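Worksheet: one structure, shown below.
The values are calculated or read from the model by the stated rules, or taken from the named source; none is laboratory data. Because the structure is a prediction, the values reported are computed rather than measured. Heads up, the Cβs are rebuilt from the backbone with ideal geometry, glycines too, and the neighbour counts pull from every protein chain shown. Only protein heavy atoms, including side chains, enter the accessible area calculation; ligands, DNA and RNA are left aside. Shrake-Rupley method; radii C 1.70, N 1.55, O 1.52, S 1.80 Å.
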Amino acid sequence: MAKPIPYQPLSLRLVHGAIAILVLLALLSGFWVYNTYDGRWGSLPLPKIPDIQGLHGTIALVLLLLFPCFALYCFHWGDRRLLYKKSLAQISQGNWLAWHRLANTLMLVAVTFALITGRMMKEEWLPAGELNRGWYLAHLAAWSVVLLSLLAHLVLGAKAGGQPLLVSMLSFAIRPEDRRVRNWWRGGRLKPASPLLLGLEIIVLLATGAAFVLPAIITAQ
């Protein structure tokens, strides 16, 4: 007997879909930048794209602008998909849902640090061959963690929820209660479900804010 397809709130599908597209584009364009100017840990015979750094930076900037909204949604509306106090014990027991929550949480943190490390880079470094800059190496590390956590998110999501979960996230079905925007905000928590998530929210929001402010401060000096 086939598993029933769960219904995902429209707000979740819209926010998740937008961020997913931007993260994928950022990963792809980021690899293209690495492939064009670096490639010391492996490369592909990709065609040269004029101003690939500018394209990657534009995608990353749009992601940065939308990411705080996504983070707030995750911590206050979608916190059941993130780590909570019993998750560590469940992970040690091989619980796939707990592992999926870990991958989701790790991706939030990794994207945050990919954004701030990318913002601290200067466009002239890579064309000039300055490949050992600390911010660039940190950005590569964050990019790698984003990629690994994304793969884990997809694999563990398929393991935990199977095809019905994937179909539910791609579905265009809209229930009557989702047709009014004011209903999208129902079910949220004023505070995250645990001190762990509260601490992570503070880190994510402060780091995202720093990604907006620090480059401007450094440029002004």
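Scattering from the chain was approximated by placing one identical point on each alpha carbon and applying the Debye formula without solvent; log10 I(q)/I(0) at 0.09, 0.13, 0.15 1/Å stands at -0.42, -0.84, -1.07. Less than 5 angstrom separates the built amide H of LEU83 from those of THR105, all sequence-distant by 5 or more or on a different chain.
Per-residue SASA remark: GLU124, around 110 Å² accessible (1.4 Å probe; ligands, DNA and RNA not included).
Just PRO68, PRO47, PRO192 to compare: in a GNM of the chain, with alpha carbon springs under 10 Å, which one fluctuates most? Taking springs between Cα atoms under 10 Å, the residue moving most is PRO47. With θ taken as phi - 60° and the Karplus curve 6.51 cos²θ - 1.76 cosθ + 1.60 applied, the whole-hertz 3J(HN,Hα) list for the stretch 56-64 is 4, x, 5, 4, 5, 5, 4, 4, 4 Hz, x standing for glycine and proline. Rounded to whole numbers, the Karplus 3J(HN,Hα) couplings from phi for the stretch 203-214 are 4, 4, 5, 5, 5, 5, x, 5, 5, 7, 8, 4 Hz, using 6.51 cos²θ - 1.76 cosθ + 1.60 with θ = phi - 60°, and x at Gly and Pro.
The spacing between the stretch 1-40 and the stretch 58-92, judged by their C-alpha centroids, is 14 Å. A helix-only calculation puts the chain at -23500 deg cm²/dmol for mean residue ellipticity at 222 nm, using -39500 (n - 2.57) for each DSSP H run of at least four residues, averaged over all residues. Accessible surface ranking for ASP38, ASP51, 1.4 angstrom probe, highest first: ASP51, ASP38. Taking 0.36 nm per residue of separation and subtracting the Cα-Cα distance, full extension of the segment from VAL62 to LEU88 would add 6.0 nm.
For the chain, the share of accessible area belonging to carbon and sulfur comes to 70 percent (1.4 Å probe, ligands and nucleic acids excluded). Computed 3J(HN,Hα) for the stretch 76-93, one whole-Hz value per residue from the Karplus formula 6.51 cos²θ - 1.76 cosθ + 1.60 where θ = phi - 60°, is 10, 10, x, 5, 5, 9, 10, 4, 9, 4, 8, 5, 4, 5, 5, 4, 5, 8, glycine and proline marked x. A simple spin-label model places the labels of ALA20 and LEU72 2.3 nm from each other, with each point 7 Å out along Cα-to-Cβ.
Comparing LEU166, LEU27, LEU83 in a Gaussian network model of the chain, where Cα atoms under 10 Å apart are tied by springs, the biggest mean-square fluctuation is seen for LEU166. For the chain, the solvent-accessible area works out to 59 Å² per residue, with a probe of 1.4 Å and every protein chain left in place. The slack between ASN132 and ALA158, meaning 0.36 nm per residue of separation minus the straight C-alpha distance, is 5.6 nm.
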